[in-house]
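What follows is a single structure, written as structure tokens, with notes after it.
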Amino acid sequence: MDALSHDLLAGLEAEQDRSIAFLQALLRAPSPNPPGDTRAAAALLIDALTKAGLEPMVFSPHPELPNIVARFDGGRPGRHLVLNGHIDVFPVAAHEWSRDPWGGEITEGRIYGRGACDMKGGLASLLLAFLHLHRHRDRLAGRVTFTAVSDEETFGPWGARWMFEHQRDLMMGDCLLSGEPSSPQCIRFGEKSPYWVAITVRTKGGHGAYTHSSASATKIAARVATALEEVRGLEVRAPDNVVAMFRDTAIARQVDEGCGEGHAAVIPEITLNIGRMSGGLKMNVLPSECRIEADVRLPIGLTREAVRAEVARIVAQFPEATLEELSPPEDVPNWSDPDGEMMGILRHTVRELGRPAPVPVITLGATDTRLWRYHGVPAYVYGPSPASMAAADENIPVDDFLHILRTHTLAAARYLNVGKG
């Protein structure tokens with residue numbers, strides 16, 4: 001291990017308790033989206049950056065959803081690494097939790113709180129890694145940019161998407177490292193893409209006893225929902241070097257261990273979820289309207305155009321139904337090189353830190369990393385397990401958080417100093 005890595009690890013060890021306390025403070029600053037107010041959590045990030053002598057830039061296209069950018073240059077020219085995380089988290093059904101979702105409580109080696117794994121654990125790690133690197137900036141080459149955005153949970157119209165549309169130069173770099181959930185056993189290099197649609201069925205409606213007088217919007221909607229399963233029969237043509245690895249039983253087993261049983265098998269498949277179905281006024285009224293919201297996940301090797309045409313064909317069979325697209329039209333399945341340089345650095349670093357080398361994985365959900373890939377920037381994700389993501393009693397093992405922090409810090413330094421002696 002090189003001298004800089006030794007010194008970085010020593011600094012991380014010395015501040016271990018402070019690192020844990022910072023994550024707890026971040027979890028105690030509620031930032032559910034919706035409704036979407038991340039100002040309290042953002043203030044903690046801004047304060048930490050300012051106290052370190054940095055001058056963070058804040059962009060708030062929506063007054064309650066600030067985006068933060070901070071950067072520094074190393075002691076000599078080199079490459080540009082971007083560290084990105086999001087501040088907002090899923091909403092909370094507090095009655096489902098066995099502890100305070102905003103408490104940051106530590107019990108039996110786990111830190112509990114909404115956002116612990118998605119993604120305040122990863123966000124805290126990236127911020128702290130950035131600050132440790134800043135202290136050793138004279139020993140680094142190139143530039144490091146830290147970005148903390150809001151509104152990721154709603155596809156980022158006020159967050160990363162807005163930043164790319166209005167402050168693109170601040171977001172760009174030679175490589176992106178994210179702390180979204182991946183599990184310490186996996187590194188995300190690509191992701192499926194959501195195609196979200198709403199289908200509204202409208203009929204005349206009437207009295208519930210007079211079923212002869214009008215078709216039922218809810219019954220038709222149920223038939224539409226069943227027919228949508230046909231979209232799963234579309235042909236998928238993925239590049240073999242991107243998906244072939246998941247046919248390896250050892251890799252598939254490690255993916256399932258890290259991301260959840262069945263993850264590997266679903267990577268190349270089209271999935272359909274009828275997330276919401278709502279209609280009708282009361283039991284004895286024939287429903288005149290019913291709305292379906294469907295989530296189709298596109299694997300790598302399937303175009304948005306093919307899915308759009310198939311969904312339109314299915315809906316056209318029901319004259320009472322109208323179709324509306326809800327997801328951003330530019331979103332498509334995306335990936336970086338599974339054998340890319342940062343992938344190799346992360347795997348080597350994790351192995352050196354005493355854990356099994358993580359395997360590459362394609363994630364089933366969408367993240368802001370897609371935006372960097374759309375702009376030609378390789379993007380990789382190493383973060384906590386997604387096992388409790390969005391669930392009650394969301395948590396992250398303390399040991400995993402500290403391991404991820406060590407990995408982010410060393411991998412970033414190594415990426416910057418590759419070939420610099």
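The values are calculated or read from the model by the stated rules, or taken from the named source; none is laboratory data. From a predicted model like this one, the values you see are computed outputs, not experimental measurements. Positions of Cβ are backbone-derived with ideal geometry, glycine not excepted, and every protein chain shown enters the neighbour counts. Each accessible area value is taken on the protein alone, full model and side chains, heavy atoms only, with ligands, DNA and RNA left out. Shrake-Rupley method; radii C 1.70, N 1.55, O 1.52, S 1.80 Å.
Of the residues screened, ALA312 is not one that is without any contact (Cβ under 8 Å) to a residue 12 or more places away in the chain, open to solvent by 30 Å² or more (accessible area, probe 1.4 Å), under 29 Å from ASP337 (Cβ atoms) and of a type in the set (A, V, I, L, M, F, W, C). Confirm whether ALA41 is part of a helix (DSSP H, G or I) and touching an Asp or Glu at 6+ places or on another chain (Cβ under 9 Å). Spelling it out, ALA41 is indeed part of a helix (DSSP H, G or I) and touching an Asp or Glu at 6+ places or on another chain (Cβ under 9 Å). Only one of the numbered conditions (1) part of a helix (DSSP H, G or I); (2) within 14 Å of THR369 (Cα to Cα) is violated by LYS120, and that is (2).
Does GLU330 count as surrounded by fewer than 18 Cβ atoms within 10 Å (Cβ to Cβ), farther than 21 Å from TRP196 by Cβ and in contact with a Phe, Trp or Tyr (Cβ under 9 Å, 6 or more places away or on another chain)? No: the conditions fail for GLU330. Scanning the stretch 333-371 for residues that are among the hydrophobic types (A, V, I, L, M, F, W, C) and crowded, with 18+ Cβ neighbours inside 10 Å gives TRP335, MET342, MET343, ILE345, LEU346, VAL350, VAL359, VAL361, ILE362, LEU364, ALA366, LEU371. For the stretch 273-308, the set of residues classified as part of a strand (DSSP E or B), surrounded by fewer than 16 Cβ atoms within 10 Å (Cβ to Cβ) and not basic (Lys, Arg) consists of ASN273, GLY275, SER278, VAL285, listed by residue number.
ARG355: among the charged types (D, E, K, R), under 28 Å from ILE111 (Cβ atoms), assigned to a loop (DSSP other than H, G, I, E, B) and more than 21 Å from the chain's Cα centre (by Cα), yes or no? In short, yes.
Among the residues of the stretch 215-261, those identified as of a type in the set (Ser, Thr, Tyr), assigned to a helix (DSSP H, G or I) and within 28 Å of VAL311 (Cα to Cα) are THR218, THR226. Pairing residues of the stretch 389-412 that are under 15 Å from ILE187 (Cβ atoms) with residues that are part of a helix (DSSP H, G or I) and among the aromatic types (Phe, Trp, Tyr), at Cβ distances under 9 Å and at least 6 apart in sequence or on separate chains, gives HIS408/PHE130; ALA412/PHE130.
Within the stretch 120-141, the set of residues being among the small types (Gly, Ala, Ser) and either under 13 Å from LEU8 (Cβ atoms) or open to solvent by 10 Å² or more (accessible area, probe 1.4 Å) (or both) comprises ALA129 only.
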